[in-house]
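Colleague: I am attaching a structure below and will ask some questions about it afterwards.
Derivation of every value follows stated rules applied to the coordinates shown; laboratory data play no part. A quick note: this is a predicted structure, and the numbers were derived from the prediction, not measured. With ideal geometry, Cβ positions are generated from the backbone for all residues, glycine too; neighbour counts draw on all protein chains shown.
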């Protein structure tokens with residue numbers, strides 16, 4: 001029997017009423033989407049508008065872009081940036097792969113020590129590598145003769161300094177890729193008497209290819225958008241990042257600065273899209289029946305890789321050690337006696353001790369407010385019921401900052417927050433705008449970290465809580481947050497360290513009252529105070545290292561209190 005079923009006349013359709021928790025979560029979604037629009041979308045739109053205007057604010061279309069491409073000195077920066085970024089990516093991928101292979105696929109001694117040494121550059125701003133290279137290979141450097149007729153001021157210095165800075169970023173991704181392996185594949189290959197070199201090219205390399213490609217895109221993006229290394233040691237070798245700085249700060253040509261910023265944004269966006277495409281094609285390498293891979297001892301191989309890791313570690317330590325030594329030298333190279341003269345920042349041009357304490361303040365604000373905001377946003381994306389379209393918009397908005405270089409974001413903030421008609425203009429030049437810009441710049445990685453932790457929680461927790469009529473905030477405080485606390489602390493640590501070391505995202509936004517340590521390093525170098533610049537950069541390293549130790553101790557304490565359920 002077919003036909004439509006109608007309700008009796010005396011039956012009123014029941015409307016599903018939203019609970020108070022659902023209303024609160026949906027209001028939270030709207031608020032976070034609005035905040036991301038104000039912090040990311042609107043500034044980028046303002047940047048695009050500025051690139052289409054002349055100095056008087058009149059619309060001129062693509063005239064500024066035409067002028068840029070017709071200026072050979074400016075246009076050459078594109079090829080220079082691509083050359084440096086591709087060169088660094090190739091060099092770092094090879095070194096990081098061999099280093100990561102030694103850490104994960106061998107039984108060589110001191111692997112824990114080599115892993116720790118490899119992470120040293122993360123604690124320092126990118127400028128530190130360039131400053132150290134000047135003392136090693138500069139005009140008055142210790143090893144100046146090694147370069148012969150070549151000069152460290154140019155592409156050679158940029159490539160070496162960038163390799164030092166991005167090495168740990170590539171290594172962490174490659175180590176993760178190499179740590180995932182099924183021992184059955186290697187056992188089958190050995191049973192078939194497959195040569196070692198063939199196993200490497202048919203099993204090991206294909207298994208890690210997605211991690212290698214992802215590391216390559218990350219390195220390319222970091223190098224092409226980095227401002228610190230080319231600014232300090234680039235000399236007359238112009239790249240896109242330094243062109244932005246010269247146009248905005250040097251010539252006050254904001255329209256051309258907007259043009260260069262958009263051109264700088266293009267390769268970063270393309271690398272981001274390529275990385276997303278690679279990750280979508282990645283397949284699971286471990287099945288439920290997989291057998292964890294345990295490397296076997298091989299004296300010759302382990303010995304060769306031990307020497308390789310030792311050489312790389314010596315290079316990394318020597319870069320830091322030279323900066324430490326130079327920061328205590330009274331007057332290089334004429335008076336090599338040691339003193340604390342270079343740490344008297346208050347008498348130096350470019351920044352004093354106040355800049356250092358401002359950086360600590362900003363890093364604490366970013367760690368506290370940023371981690372809380374990002375975790376709440378990730379919670380809404382993963383755990384809010386219904387309104388799928390709102391959750392999708394919030395997730396896409398959270399992914400957008402990863403494709404925007406810090407330098408471009410800083411320029412966009414100038415045009416947006418400094419606009420006379422913007423009611424939020426009061427933030428410009430304050431500590432608030434520095435905190436907002438830094439949190440947004442590093443938002444995506446933190447969001448993905450929190451999202452990964454939240455996905456480990458079974459949805460039945462919320463279902464049981466709903467059936468017991470328990471408020472969502474109680475489930476959040478009693479179950480969700482304690483279980484995800486390690487990831488929450490990792491995000492806070494990530495934001496703190498990056499806030500201490502970032503340069504490009506804040507170099508256009510500070511005021512005399514909000515000078516930061518990383519910017520002070522740049523200003524001291526511009527003023528010719530290279531040794532004090534090294535000293536200030538090392539203060540950032542010391543602070544970051546102490547924070548990492550405190551974070552490790554706090555994480556161990558919290559894990560012993562809230563993560564006992566993870567152990568058998």
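Colleague: I need to check one value: relative contact order of region 34-131, counting alpha carbon pairs closer than 8 Å and at least 6 residues apart, in percent. Write down the numbers at each step before the final one.
Modeller: Working: 23 pairs, mean separation 8.9, N = 98.
Reported as a whole number, the value is 9 percent.
Colleague: Could you work out the equivalent-ellipsoid semi-axes for region 317-452, taking the square root of 5 times each eigenvalue of the Cα gyration tensor, largest first, in whole Å?
Modeller: They are 40, 20, 13 Å, listed largest first.
Colleague: Gap in Å between the Cα centre of region 256-277 and the Cα centre of region 496-564?
Modeller: 27
Colleague: Let me ask something else about it. Which value in Å does the Kirkwood hydrodynamic radius of region 331-404 take, with 1/r averaged over all unlike C-alpha pairs and then inverted? All intermediate terms of the calculation are to be shown ahead of the outcome.
Modeller: On the way: mean 1/r = 0.0600 Å⁻¹.
Hydrodynamic radius (Kirkwood, Cα only) of region 331-404 equals 16.7 Å.
Colleague: Let me ask you something else. Report, to one decimal in Å, the Kirkwood hydrodynamic radius for region 512-551 based on all distinct Cα pairs. If you can, show how the numbers build up before the last one.
Modeller: On the way: mean 1/r = 0.0932 Å⁻¹.
For region 512-551, the Kirkwood estimate is 10.7 Å.
Colleague: In addition: Give the separation of the Cα centroids, region 312-384 to region 89-120, in Å.
Modeller: 25
Colleague: Taking all pairs of distinct Cα atoms, average 1/r, flip it, and tell me the Kirkwood hydrodynamic radius of region 184-274 in Å to one decimal place. Each step should come with its number before you reach the end.
Modeller: Numbers: mean 1/r = 0.0612 Å⁻¹.
Here the Kirkwood hydrodynamic radius works out to 16.3 Å.
Colleague: Based on the Cα gyration tensor of region 84-181, what are the three equivalent ellipsoid semi-axes, each the root of five times an eigenvalue, rounded to whole Å and given largest first?
Modeller: Numbers: eigenvalues 163, 39, 30 Å².
Equivalent-ellipsoid dimensions as semi-axes: 29, 14, 12 Å.
Colleague: As a test of the formula, what do you get for the chain when each DSSP H run with n ≥ 4 contributes -39,500 (n - 2.57) and the sum is divided by the residue count, at 222 nm and rounded to the nearest 500 deg cm²/dmol?
Modeller: Details: 25 runs with 361 residues, N = 568.
Calculated from helices alone, the mean residue ellipticity at 222 nm is -20500 deg cm²/dmol.
Colleague: Determine the relative contact order of region 307-410: mean sequence separation of Cα pairs under 8 Å and six or more apart, normalised by residue count, in whole percent.
Modeller: Working: 38 pairs, mean separation 10.0, N = 104.
Result for region 307-410 is 10 percent.
Colleague: What order do you get for 526-539, 439-452 when each peptide is scored by the mean count of other beta carbon atoms within 10 Å, highest first? Could the numbers behind the result be given before it?
Modeller: Working: 526-539: 23.2, 439-452: 21.7.
With the highest mean Cβ count within 10 Å placed first, the list reads 526-539, 439-452.
Colleague: Now for a separate question. Just to be sure I understand: if I project the alpha-carbon convex hull of the chain onto a plane and average over all orientations, what area do I get in nm²? Kindly include the intermediate steps, with their values, before the conclusion.
Modeller: Working: hull surface 148.9 nm².
Value for the chain: 37.2 nm².
Colleague: Same structure again: Compare the peptides 299-307, 74-82, 30-38 by average per-residue count of other Cβ atoms within 10 angstrom and give them in order, highest first.
Modeller: Highest-to-lowest ranking by the protection proxy: 74-82, 30-38, 299-307.
Colleague: Before anything else, pin down the relative contact order of the chain: Cα pairs under 8 Å, at least 6 apart, normalised by residue count, whole percent. Mind showing how you got there, number by number?
Modeller: Working: 763 pairs, mean separation 120.8, N = 568.
Relative contact order of the chain: 21 percent.
Colleague: From the alpha carbon gyration tensor of region 50-127, can you work out the equivalent ellipsoid semi-axes (sqrt of 5 times each eigenvalue) and give them in Å, largest to smallest? Working shown, then result.
Modeller: On the way: eigenvalues 430, 46, 18 Å².
The equivalent ellipsoid of region 50-127 has semi-axes of 46, 15, 9 Å.
Colleague: On the first, second and third principal axes, largest extent first, how far apart are the outermost C-alpha atoms of region 114-238 in Å?
Modeller: Principal axes ranked by extent give 59, 28, 27 Å for the Cα atoms.
Colleague: Now, a different point. Would you order 524, 399 from fewest to most other beta-carbon atoms within 10 Å of each residue's own beta-carbon? Could the numbers behind the result be given before it?
Modeller: On the way: 524 27, 399 15.
Sorted ascending by nearby Cβ count, the order is 399, 524.
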